[in-house]
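The values are calculated or read from the model by the stated rules, or taken from the named source; none is laboratory data. This is a predicted model, so every value here is computed, not measured. Cβ: placed from backbone, ideal geometry, glycine included. Neighbour counts: every protein chain shown.
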Amino acid sequence: MACLSGCASTGAGHVVSVSAEALLEKAQAREMEAIRAQSAQAQEEAWLHCATLAHDAMAGEQAATKTAAGLLATQCSRAFFDLVAQGAPVQVKAGRLLLGALTLRVEFRGMPDSLAKSVYLEPADQVSMGPLGGARHHRAGFGVPMVAFSLPCPDRPICRLYTPEGVFRPATLWLEAPSGRDPHDDAPVLVVQNPLLRPGHIDGPNRYALAEDVSAPFAQLLERTRLKRLAWWGMIGGAEIGKRSGLFLLDDYDPNKTPIIMIHGVAGSPLIWARLSNAIMGDADLHRRYQIWHVVYQSNAPLLVERYRVQHYMDDAWRVLDPGGHAPARQGVVLVGHSMGGVIARLLCAQSTPDVWNAAFTAPMDSLHSDADDLATLKHVFEFKPYAGVDEIIFMAAPQRGSPAADGLLGRLVGLLAWRHIEEMAGIMRIATENPSAIQPAIESIFQAGHITSITSLRPDEPVSLADEKLMPAPGVRYDTIAGVMRGVKPPGDGYVPLSNALLPGSATTLIVHSDHKVPNNPEAIVDVLKILREHGHPHDVVSAP
């Protein structure tokens, strides 16, 4: 048996183990030394010895000793980290590392490949939950919950599926005595372990559940993002959100977990999903089943163009994550769409019809003359089939039959500003110029009056939208509707989408909540989504809320 910090020599060449109770007493004495110490180095040494001695005591047999040792090892590990960190994140990498005045050996246990070899550590309880409405999902246990973060990797295809702000993951930290396996390495060990992949720690005959905080990494990401400002600029043609567009993994990819793909609305961003995503990750059973993916897109283009863009981002992600197309994650995919994102989700699961084409053109597609790339884009925009693998959609405040607000001043302003920055529409305009007799008069007049954008395509009388609103999810795709109603709004609705335009016939369930247009932030709506996800993939009764 290897001798750690809890051993003593008899002087006759024999080594005997010190009892767990004696080790705990020594650790408690070291704790008092640390509190009374006058110098930072003396404090560091005392906290370190307190943590390692208490960790060794965790292998004891007595329940009271095991519990007290685990608590003290955690407290002393935290005190040591706070002392060397001095309120700032600490950069660590595997191997020997000088922290404060002491040399330790850092061990990463089960940490994900999405993190760089060198990561920054910050205590999870120092991260504000403001971006998440104050909701922190954490679990008590052994070790110090941390946020481990790094810049995204640059050298693998999957790197482009990580958020540009960086990679933020939960970790749990503690200190151990040298293992004794290497006689030339007597440095204490700073352990950084992934509590999601390895939720427990074994010390002797005892197993300890790790403390974890799954909200802090997400909150830290939200604190650093510029998406809120970029989203509004993107709606009127700002290029930065376009550069950020794509599908991004909130979790590390797991080929056996069902993806929940969240699609925001006009002038929106994944920030609208903050509270819902946090609630899903904070539910241990759901987080074991699901992985969350966020779509970012520049919301300036018409609906069919946005559907094409989002499909392209999803296709790109699958080519990276599952090039063979055989992962279980390909099946049972859930789409969650807010506002125009809900309409996009419906169109992603629908089959195009000639009526949609005929609403814009008077001649067959193969009779048009133009640049080959422009014609190819046009074909992708107007001809599509249900996206493979999706079997559930959750609509949240989705204007399935348009929104009268799109006819207002903002809609007209966006129409004037945004259209010149829509690459796909520029190609369609070139086709229209070269084939003037093939364009429906109503579409031609919209081009002339204000051009077609995301806002104009939400007008209830826009011809193409009138045709595509009849496209329903394919058979076998279940869909649920959640809509908002504000007091005093006439006609009833959320202030942007009338209730009658948000309700969709055939919904498995319909829930109406008292909310403005930001329905995904509504607590009742979040509870309903969690319920739908728990039942997803299992037989259940259809329930409709009044």
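Going through segment 334-387 one residue at a time, which ones are of a type in the set (Gly, Ala, Ser) and either in contact (Cβ under 8 Å) with a residue 60 or more places away in the chain or surrounded by 20 or more Cβ atoms within 10 Å (Cβ to Cβ) (or both)?
Pass one, segment 334-387, residues of a type in the set (Gly, Ala, Ser): 337, 339, 341-342, 345, 350, 352, 359-360, 363, 367, 370, 372, 376.
Selection gives Gly337, Ser339, Gly341, Gly342, Ala345, Ala350, Ser352, Ala359, Ala360, Ala363, Ser367, Ser370.
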* Of (1) at pLDDT below 95; (2) of a type in the set (Phe, Trp, Tyr); (3) under 14 Å from Pro145 (Cα atoms), Trp233 satisfies all except one. Which? -> (3)
* With respect to Lys379, determine if the residue is in a helix (DSSP H, G or I) and basic (Lys, Arg). => yes
* Structure fact -> Checked segment 103-141 for anything over 16 Å from Leu173 (Cα atoms) and surrounded by fewer than 16 Cβ atoms within 10 Å (Cβ to Cβ); matches are Thr103, Asp113, Lys117, Ser128, Gly130, Gly133, Gly134, Ala135
* Asked: Among the residues of segment 390-398, is there at least one that is aromatic (Phe, Trp, Tyr), modelled with pLDDT of 95 or more and touching a strand residue (DSSP E or B) at 6+ places or on another chain (Cβ under 7 Å)?
  -> yes
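Looking at the structure I just gave you, is Ala267 at pLDDT 95 or above and either in the same structural domain as Ala467 (by TED's automatic domain parsing) or among the small types (Gly, Ala, Ser) (or both)? Show your work before the answer.
Values: at pLDDT 95 or above: no; either in the same structural domain as Ala467 (by TED's automatic domain parsing) or among the small types (Gly, Ala, Ser) (or both): yes.
Answer is no for this residue.
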* Hits in segment 152-182 - residues which are surrounded by fewer than 16 Cβ atoms within 10 Å (Cβ to Cβ) and either closer than 30 Å to Leu23 by Cβ or free of Cβ contacts under 8 Å to residues at least 40 places away in the same chain (or both) -> Pro154, Asp155, Arg156, Cys159, Ser179, Gly180, Arg181, Asp182
* Test for Asp185: is it charged (D, E, K, R) and at pLDDT below 95 -> yes
* Looking only at segment 473-516, and only at residues there that are more than 27 Å from the chain's Cα centre (by Cα) and not in a loop (DSSP other than H, G, I, E, B), the one that is nearest to Asp528 (Cα to Cα) -> Val485
* Based on what the data block shows, is Ile446 farther than 25 Å from Pro386 by Cα, more than 29 Å from the chain's Cα centre (by Cα) and either modelled with pLDDT under 95 or part of a loop (DSSP other than H, G, I, E, B) (or both)? -> yes
* Tell me, which residue of segment 183-202 that is of a type in the set (A, V, I, L, M) and part of a loop (DSSP other than H, G, I, E, B) is surrounded by the most Cβ atoms within 10 Å (Cβ to Cβ)? -> Leu196
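Looking for whichever is farther than 18 Å from Pro145 by Cα, touching a helix residue (DSSP H, G or I) at 6+ places or on another chain (Cβ under 9 Å), surrounded by fewer than 20 Cβ atoms within 10 Å (Cβ to Cβ) and modelled with pLDDT of 95 or more here; the options are Ala42, Ala34, Ala68. Which one fits?
On the way: Ala34 fails: surrounded by fewer than 20 Cβ atoms within 10 Å (Cβ to Cβ); Ala68 fails: surrounded by fewer than 20 Cβ atoms within 10 Å (Cβ to Cβ).
Exactly one residue qualifies, and that residue is Ala42.
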* Asked: Here are some residues: Val310, Val320, Val336. Which one is hydrophobic (A, V, I, L, M, F, W, C), assigned to a strand (DSSP E or B) and either closer than 26 Å to Glu165 by Cα or not assigned by TED's automatic domain parsing to the domain that holds Met425 (or both)?
  -> Val336
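I need a count of the residues in segment 50-97 that are among the hydroxyl-bearing types (Ser, Thr, Tyr) and under 17 Å from Asp125 (Cα atoms).
Residues of segment 50-97 among the hydroxyl-bearing types (Ser, Thr, Tyr): 52, 65, 67, 74, 77.
Remaining after also requiring under 17 Å from Asp125 (Cα atoms): 74, 77.
The number of residues fulfilling the criteria is 2.
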* Structure fact -> When (1) free of Cβ contacts under 8 Å to residues at least 24 places away in the same chain; (2) not assigned by TED's automatic domain parsing to the domain that holds Ala211 are applied to Ala94, the one that fails is (2)
* Go through (1) in a loop (DSSP other than H, G, I, E, B); (2) of a type outside the set (Ser, Thr, Tyr); (3) crowded, with 20+ Cβ neighbours inside 10 Å and name the single condition Val295 misses. => (1)
* Restricting attention to segment 45-65, does a residue exist that is surrounded by fewer than 20 Cβ atoms within 10 Å (Cβ to Cβ), aliphatic (A, V, I, L, M), over 39 Å from the mean Cα position of the chain (by Cα) and within 24 Å of Arg105 (Cα to Cα)? -> no
* Give me the pairs: first residue in segment 42-55 and in the same structural domain as Leu71 (by TED's automatic domain parsing) and touching a residue at least 24 places away in the same chain (Cβ under 8 Å), second residue assigned to a helix (DSSP H, G or I) and of a type in the set (D, E, K, R), beta-carbon distance under 6 Å, and six or more apart or on different chains, which are they? -> His49/Arg30; Cys50/Arg30; Cys50/Glu31; Leu53/Lys26
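Counting just the residues of segment 206-221 that are in a strand (DSSP E or B) and touching a helix residue (DSSP H, G or I) at 6+ places or on another chain (Cβ under 9 Å), which one comes out surrounded by the fewest Cβ atoms within 10 Å (Cβ to Cβ)?
Residues of segment 206-221 that are in a strand (DSSP E or B), as a first pass: 206-210, 212-213.
Okay, now just the ones that are also touching a helix residue (DSSP H, G or I) at 6+ places or on another chain (Cβ under 9 Å), so 206, 208, 212-213.
Numbers: Asn206: 17, Tyr208: 21, Glu212: 25, Asp213: 25.
Here the residue is Asn206.
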* Asked: Quick one: in segment 512-544, which of the residues that are among the small types (Gly, Ala, Ser) and surrounded by fewer than 20 Cβ atoms within 10 Å (Cβ to Cβ) is modelled with the lowest pLDDT?
  -> Ser544
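Going by the structure shown, is Lys93 surrounded by fewer than 20 Cβ atoms within 10 Å (Cβ to Cβ) and under 24 Å from Thr52 (Cβ atoms)?
Details: surrounded by fewer than 20 Cβ atoms within 10 Å (Cβ to Cβ): yes; under 24 Å from Thr52 (Cβ atoms): yes.
So Lys93 fits the description; yes.
Within segment 257-271, work out how many residues are under 12 Å from Gly341 (Cα atoms) and within 11 Å of the chain's Cα centre (by Cα).
Taking segment 257-271 first, the residues under 12 Å from Gly341 (Cα atoms) are 261-270.
Those still in the list that are within 11 Å of the chain's Cα centre (by Cα) too: 261-262, 270.
Final tally of qualifying residues: 3.
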